[in-house]
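**Student:** Below is one structure. I have some questions about it.
The values are calculated or read from the model by the stated rules, or taken from the named source; none is laboratory data. Just so it is clear, the model here is predicted, and its values are computed rather than measured. Counting neighbours? That spans all protein chains shown, and the Cβs are built from the backbone with ideal geometry, glycine included.
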Amino acid sequence: MSKADVFIREAEQWGAKNYKPLPIVIEKAEGIWVWDPDGQRYMDMLSSYSALNQGHRHPRIISALIEQADRVTLTSRAFHNDRMGPFLHKLCETTGYEKALLMNTGSEAVETALKAARKWGYDEKGVAPDKAEIIAFENNFAGRTISVISFSSEEDYKRGFGPFTPGFKIVPYDDVEAFENAITSNTVAVILEPIQGEGGIIIPSFGYLKKIREITAANNVLMIADEIQTGFGRTGKMFACDHEGVRPDIVTLGKALGGGVFPVSAAIADDSVMKIFTPGIHGSTFGGNPLACAVGMASIDVILEEHLPERSAELGEYFIKQLRTIKSPVVKEIRGRGLFIGIEVKRDYGTARPFCEKLMKLNLLCKETHEQTIRLAPPLVIKKEEIDWALERIERVLTDT
């Protein structure tokens, strides 16, 4: 039995079986590469669902973590700390919003946005108590909390967890008319992913986001953009909404904001929305802790100073172009923007999982999503010759039918 098998067996014996990971154990990592306990090296083509845009253990981010850990790590929000103000300033300056509310995980950022939208609807729009409605879209993914799965269209996420939080409507994605028809006088917000990541790298028609923005503005409805996976350069712009020049009312951020080192998330908005928060009505023990703030500042600095959005745009265009030259009967469609790419497998050839398992045996790590799609999302620090290395293995697997 290998060292990896020992670790896998222990995890399966003592852990709840809420995941079905590939049968690999990662012991160390650097940049775009990871190693198992037996010394085998693999290329990371998943980036922990875009939490590792800056690569594994980026020296600058690790240095910020260690330096801050030697000073103070947690203060709670009962007191101020000397890292939160500078981090909030940098985050707002970078994103162009007036206020940020710091949390830890992406799900917490989404919950914060939902609460902000509802309270804004009651305080500012004048919706009757407990009548606020929020519109979401089929095939969405925004986390695993009860409120978030309440607007999921994926039955596996919901089965056995009801009753669910009321006040959500679900309409088809990339359908402007369905969205507009769903709006009522009680509608306070719409929440959407500018690209549906977990849904299979689903990219809406160009102009769709702009139309959603126009309709929300005309109806006094807040637009919430979930940029937790797509933010901070993943799609070739700082944010995916930037491709259409759209500025949402609220943006949820996470994953790459923590540089793959520490969980950091945020909901950002202008003061016209954020003023609804007053002391005591919402918070988090760890939200805005000095360790997270120090890591977050370094994470943003790396994204900006190493021009990671621009790298993603250039290398993503190359990656997608080369993938589309592969002649394979297996492939139904290749979708992508920047280094956020999906290869959809035809159902006649089974699901995407066996292809990911074959790629793992060739030392390339990726993961299936929504059964049929191989998701490719490497750290944005990847080099062209490393993409070529990956392409060689992807072509081998897709053509070996």
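**Student:** Output the qualifying pairs, or none if there are none: Cβ atoms under 7 angstrom, residues six or more apart or on different chains, first residue in the range 371-390 and more than 29 Å from ASN139 (Cα to Cα), second residue assigned to a loop (DSSP other than H, G, I, E, B) and of a type in the set (Gly, Ala, Ser).
**Tutor:** From residues that are more than 29 Å from ASN139 (Cα to Cα), the pairs are VAL381/GLY55.
**Student:** Could I ask something else about it? State whether one or more residues within the range 101-113 are more than 20 Å from the chain's Cα centre (by Cα) and outside the structural domain of LYS384 (by TED's automatic domain parsing). Before you say what the answer is, go through the steps one by one.
**Tutor:** Within the range 101-113, the subset more than 20 Å from the chain's Cα centre (by Cα) is none.
Among the residues of the range 101-113, not one is more than 20 Å from the chain's Cα centre (by Cα) and outside the structural domain of LYS384 (by TED's automatic domain parsing), which makes the answer no.
**Student:** Only one of GLY342, GLY338 is surrounded by 24 or more Cβ atoms within 10 Å (Cβ to Cβ), assigned by TED's automatic domain parsing to the domain that holds GLU30, in contact (Cβ under 8 Å) with a residue 60 or more places away in the chain and not in a loop (DSSP other than H, G, I, E, B); which?
**Tutor:** Values: GLY338 fails: not in a loop (DSSP other than H, G, I, E, B).
The match here is GLY342.
**Student:** Quick check: is even one residue across the range 157-165 out of contact with any helix residue (DSSP H, G or I) (no Cβ under 9 Å at 6 or more places or on another chain), crowded, with 20+ Cβ neighbours inside 10 Å and closer than 24 Å to ILE202 by Cβ?
**Tutor:** no
**Student:** Is at least one residue of the range 178-199 part of a helix (DSSP H, G or I) and under 18 Å from the mean Cα position of the chain (by Cα)?
**Tutor:** Residues of the range 178-199 part of a helix (DSSP H, G or I): 178-182.
Restricting the remaining residues to those that are under 18 Å from the mean Cα position of the chain (by Cα) gives none.
No, because not a single residue in the range 178-199 is part of a helix (DSSP H, G or I) and under 18 Å from the mean Cα position of the chain (by Cα).
**Student:** Please tell me if ILE170 is buried (at least 19 other Cβ atoms within 10 Å of the Cβ) and β-branched (Val, Ile, Thr).
**Tutor:** Working: buried (at least 19 other Cβ atoms within 10 Å of the Cβ): no; β-branched (Val, Ile, Thr): yes.
No.
**Student:** So, one more: Identify the single condition in (1) more than 17 Å from HIS89 (Cα to Cα); (2) in contact (Cβ under 8 Å) with a residue 40 or more places away in the chain that PRO279 does not satisfy, given that it satisfies every other one.
**Tutor:** The failed condition is (2).
One line per residue, one yes/no per condition, for (1) more than 19 Å from SER107 (Cβ to Cβ); (2) in contact with a Ser or Thr (Cβ under 7 Å, 6 or more places away or on another chain); (3) not assigned by TED's automatic domain parsing to the domain that holds LEU339:
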residue	(1), (2), (3)
ALA182	yes, no, yes
THR187	yes, no, yes
VAL190	no, yes, yes
GLN196	no, no, yes
GLY200	yes, yes, yes
LYS210	yes, no, yes
THR216	yes, no, yes
ASP226	no, yes, yes
PHE232	no, no, yes
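**Student:** Let me ask you something else. Could you list all residues from the range 139-150 that are surrounded by 15 or more Cβ atoms within 10 Å (Cβ to Cβ) and over 17 Å from the mean Cα position of the chain (by Cα)?
**Tutor:** The first filter runs over the range 139-150 and keeps only residues surrounded by 15 or more Cβ atoms within 10 Å (Cβ to Cβ), leaving 139-143, 145, 147-150.
Listed by number, the residues that qualify are SER147, SER150.
**Student:** Of HIS80, HIS89, which residue is loosely packed, with under 13 Cβ neighbours inside 10 Å, within 25 Å of the chain's Cα centre (by Cα), outside any strand (DSSP E or B) and assigned by TED's automatic domain parsing to the domain that holds ILE191?
**Tutor:** Details: HIS80 fails: within 25 Å of the chain's Cα centre (by Cα).
It is HIS89.
**Student:** Looking only at the range 105-161, how many residues end up being touching a residue at least 24 places away in the same chain (Cβ under 8 Å), assigned to a helix (DSSP H, G or I) and among the charged types (D, E, K, R)?
**Tutor:** Looking only at that region, the number is 8.
**Student:** Next question, about the same structure. Does any residue in the range 6-28 that is part of a loop (DSSP other than H, G, I, E, B) come within less than 6 Å, Cβ to Cβ, of a residue that is small (Gly, Ala, Ser) six or more places away or on a different chain, and which pairs are these?
**Tutor:** That search, which allows pairs on different chains as well, returns VAL25/ALA4.
Conditions (1) under 18 Å from GLY31 (Cβ atoms); (2) at pLDDT 95 or above, marked per residue:
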position: MET360; (1), (2): no, yes
position: GLU368; (1), (2): no, yes
position: ILE374; (1), (2): no, yes
position: PRO378; (1), (2): yes, yes
position: ILE382; (1), (2): yes, yes
position: ILE387; (1), (2): yes, yes
position: ALA390; (1), (2): yes, yes
position: VAL397; (1), (2): no, yes
position: ASP400; (1), (2): no, no
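**Student:** What number of residues within the range 260-285 are in contact with a Ser or Thr (Cβ under 8 Å, 6 or more places away or on another chain) and either under 17 Å from THR73 (Cα atoms) or at pLDDT below 95 (or both)?
**Tutor:** Going residue by residue through the range 260-285, those that are in contact with a Ser or Thr (Cβ under 8 Å, 6 or more places away or on another chain) are 260-261, 263-268, 282, 285.
Next, from what is left, pick out any that are either under 17 Å from THR73 (Cα atoms) or at pLDDT below 95 (or both): 261, 263-265, 285.
Total meeting the criteria: 5.
**Student:** Let me ask something additional. Being more than 24 Å from LYS361 (Cβ to Cβ), of a type outside the set (D, E, K, R) and assigned to a loop (DSSP other than H, G, I, E, B) is the filter here; which residues of the range 32-69 pass it?
**Tutor:** Of the residues in the range 32-69, the ones more than 24 Å from LYS361 (Cβ to Cβ) are 50-51, 53-54, 57-69.
Narrowing further to those that are of a type outside the set (D, E, K, R): 50-51, 53-54, 58-59, 61-66, 68-69.
Scanning the range 32-69 gives ALA51, ASN53, GLN54, HIS58.
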